[in-house]
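J.: Here it is, the structure in full.
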Amino acid sequence: MDCSPDGKSVRRLHAIHLLLIGVSFAHVVRNSRRSERTVRLWVERFNSMGIDGLVYRPRSGRPRKLGGEAVASTILPVVDDPSLANHTHWTVTKLCGWLREEKQLDLSYRTLVRYLHEHGYARRIPRRMPEPPDRDAWEDRRESFCGELLGMLEDPACEVFFGDEAGFEGDPRPRQKWVKRGSRPTQGYYGGHVRQNVVGAVNPSSGQLVSLIVPHCDTEVFQVFLDTMAAEVPEREGKRVLLVLDNASWHKTKRLTWHHIVPVFLPPYSPDLNPIERLWQHLKSHYMAGYITKRGEELNDKLFESLRALLDRPETIRSAYRTHSQ
């Protein structure tokens with residue numbers, strides 16, 4: 001009884017204990033506040049299975065209204081593309097109403113949220129991005145590039161790195177944190193402008209990261225990074241080193257010396273095809289969140305320590321890229 005995980009098991013064991021020490025059956029029924037039939041069932045289970053027969057096991061609950069395949073075929077397509085249902089935006093409440101009216105699926109708010117979570121969906125605020133002037137041509141270019149990129153990643157003769165720059169503030173915006181319900185958390189700030197930049201490239205398959213902390217980004221700084229990368233990723237016979245980049249002006253300057261590195265440029269308006277963005281998010285949320293300083297040297301030291309920690313954990317880098325690819 002002292003080791004029981006819940007009160008229901010304690011009640012059952014207590015009833016059996018009273019019977020074993022000689023208390024009458026009628027007194028046990030009154031003490032347990034259950035029917036005679038229920039107490040007799042406890043006795044039968046104890047006689048046949050011992051204490052294990054009295055352990056309470058929660059019921060499985062009501063059956064699901066929709067299986068996983070039904071959710072994937074009925075709900076997820078309209079979540080990905082609200083225009084299929086003549087809508088431009090969904091809230092869960094709005095989607096519940098549409099499913100009830102159009103599909104005769106009476107799902108509660110909590111049930112629909114659980115189904116979406118089970119399939120890897122979460123609420124995110126979209127990042128603003130300028131619309132391409134010719135969307136059809138842009139989509140064709142993206143589709144073609146994705147095919148080329150998959151071919152590069154699957155080619156054993158290619159080492160594919162993804163490169164980009166990111167800025168880190170010494171006075172960053174507050175991020176979500178766990179606090180006690182009802183409290184009002186605060187985060188101090190200085191109001192200054194302390195900033196450092198990181199230029200880096202990463203190989204998703206091996207987890208190798210090449211990075212530099214720099215005060216700004218321009219052609220000269222990027223050339224220093226290329227020199228560093230060429231030294232850390234040496235040329236090997238039968239191997240091509242590819243570096244996937246966006247279309248920043250300093251990436252396309254003609255006076256750059258690429259050494260043995262082959263640049264591959266992303267289609268315009270396509271930062272989502274560069275998974276190093278996921279690494280920068282991981283760095284900001286796991287290492288830099290809540291860190292405040294008004295000195296550039298301290299921010300530089302914090303970035304150095306954080307990048308060293310990532311370099312020692314290539315499995316973490318590979319995990320971030322797997323999440324992006326899914």
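J.: Going toward the positive end of the dipole of segment 1-145, with +1 on Lys and Arg Cβ and -1 on Asp and Glu Cβ, which of Asn31, Leu107, Ser73 do you reach last?
T.: Value computed over the given set: Asn31.
J.: What are the ³J(HN,Hα) couplings of segment 126-138, residue after residue, when phi is run through the Karplus curve with 6.51, -1.76, 1.60 and θ = phi - 60°? Round to Hz, x for glycine and proline.
T.: Ordered by residue, 3J(HN,Hα) equals x, 7, 5, 8, x, 6, x, x, 10, 5, 4, 5, 5 Hz.
J.: Solvent-accessible area per residue for the chain at a 1.4 Å probe radius, Å²?
T.: Details: 21450 Å² over 326 residues.
For the chain, the per-residue accessible area is 66 Å².
J.: Tell me the carbon and sulfur percent of the accessible area for segment 79-234, rounded to whole percent, probe radius 1.4 Å.
T.: Values: 5420 of 10530 Å².
Here carbon and sulfur together make up 51 percent of the probe-accessible area.
J.: Continuing with the same structure: Under 8 Å for C-alpha pairs, at least 6 residues apart: give me the relative contact order for segment 164-269, rounded to a whole percent. Don't skip to the answer; put the middle values down first.
T.: On the way: 127 pairs, mean separation 22.9, N = 106.
The normalised contact order for segment 164-269 reaches 22 percent.
J.: Follow-up. What is the antiparallel percent of DSSP beta bridges lying wholly in the chain, to the nearest 5?
T.: On the way: 14 of 24 bridges.
So the antiparallel bridges in the chain amount to around 60 percent.
J.: Of Leu13, Leu245, Leu266, which has the largest mean-square fluctuation in a 10 Å C-alpha GNM of the chain?
T.: Leu13
J.: Read phi for every residue in segment 84-96 and hand back ³J(HN,Hα) as whole Hz from Karplus 6.51 cos²θ - 1.76 cosθ + 1.60, θ = phi - 60°, with x for Gly and Pro.
T.: 4, 10, 6, 10, 10, 7, 10, 10, 5, 4, 5, 5, 4
J.: Further question: Suppose R0 equals 45 Å; then what is the FRET efficiency for Ala289 and Asp52 from their Cβ-Cβ distance, rounded to the nearest 0.05? Walk me through the numbers on the way to the answer.
T.: Numbers: r = 47 Å, r/R0 = 1.04.
So, using R0 = 45 Å, E works out to roughly 0.45.
J.: Right, another one. In the structure shown, do any of Lys252/Lys284; Lys8/Lys65; Lys177/Lys252 have a Cα-Cα gap over 32 Å, and if so which? Walk me through the intermediate numbers first.
T.: On the way: Lys252/Lys284 28 Å; Lys8/Lys65 29 Å; Lys177/Lys252 40 Å.
From Lys252/Lys284; Lys8/Lys65; Lys177/Lys252, over 32 Å: Lys177/Lys252.
J.: Which one, (i) 60, 45, 41; (ii) 98, 51, 49; (iii) 108, 59, 31, gives Cα extents along the principal axes in Å as derived from the coordinates shown?
T.: (ii)
J.: Return the lysines within reach of Lys254: Cα separation strictly under 27 angstrom, same-chain partners fewer than 8 residues apart disregarded; answer none if there are no such residues.
T.: Reachable lysines: Lys239.
J.: Per residue of segment 186-202, what does 6.51 cos²θ - 1.76 cosθ + 1.60 with θ = phi - 60° give for ³J(HN,Hα)? Whole Hz please, x for Gly and Pro, Karplus curve as stated.
T.: Each residue of segment 186-202 in turn: 10, 9, x, 8, 9, x, x, 10, 10, 9, 10, 10, 10, 10, x, 8, 9 Hz.
The values are calculated or read from the model by the stated rules, or taken from the named source; none is laboratory data. Since we're looking at a predicted model, the values are computed, not measured. In this analysis, Cβ positions are derived from the backbone assuming ideal geometry, glycine residues included, and neighbour counts consider all displayed protein chains. Ligands, DNA and RNA are excluded from the accessible area calculation, which covers all protein heavy atoms including side chains. Shrake-Rupley method; radii C 1.70, N 1.55, O 1.52, S 1.80 Å.
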